[in-house]
Amino acid sequence: MNERQATLHGALRRAFRAATSEYREHLAHLGLTARQAAVILAVEATPGLGLTAVAQAVGADQATISELVDRLVERRLFTRETDPTDRRRTCLRLTPAAIAVADDIRQARAAMEKRLEGVLGAEKARMLLELLNDLTERLGQEGRKVID
């Protein structure tokens, strides 16, 4: 084993980059990044989320999500509405165009899952998922719900 392959952290980063790169290819025809896709699915799951809740849902900082949402609003995939119970808060909602693309995002995710399972085999994929979930829990991240 060479030095490049010797660290667990390095191997996790390389695997993440490789999987993310391939997932981007599945999303390319939609003109979306992986994070934009995650934000669309988060707001679809809970219409009316604010920026802070979206940032928490996808595991990003609020400044990043704010810029990302600005781009989605410009593309007419999101609308912003003032929360009637708290005028300082903005509620995000999907437009019909985003609702239509959400199914395509789910299909891209399913294709990526199938690809990963195909590369590893069903048993190794199941074992890797268990190991990664265990690692996440032990590192103290289990309480943070992240939609990827």
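What's the angle, to the nearest 10 degrees (0 to 90), between helix 122-138's Cα axis and the longest principal axis of the chain?
That helix lies at roughly 70 degrees to the long axis.
Any idea what the dipole of the chain comes to, in debye rounded to 20, about its Cα centre with Lys/Arg Cβ at +1 and Asp/Glu Cβ at -1?
It comes to approximately 220 debye.
Given the C-alpha atoms of the stretch 1-85, compute the convex hull and give its volume per residue in Å³.
118 Å³
In nanometres, what is the gap between the two model label sites at residue 93 and residue 75, each 7 Å from Cα along Cα-to-Cβ?
Between residue 93 and residue 75, the simple spin-label model gives 2.1 nm.
Largest first and in whole Å, give the semi-axes of the stretch 32-138's equivalent ellipsoid, each being the square root of 5 times a Cα gyration tensor eigenvalue.
31, 17, 11
Using only the alpha-carbon atoms, how far is helix 34-45 inclined from the longest principal axis of the chain? Give it as 0 to 90 degrees, nearest 10.
Around 60 degrees separate the two axes.
Laboratory data are not the source of any read-out in this text; all were calculated from the coordinates shown. Since the structure is predicted, the reported quantities are computational estimates derived from the model, not experimental observations. Don't worry about glycine lacking a Cβ; one is built from the backbone with ideal geometry, like all the others, and counts go over all protein chains shown.
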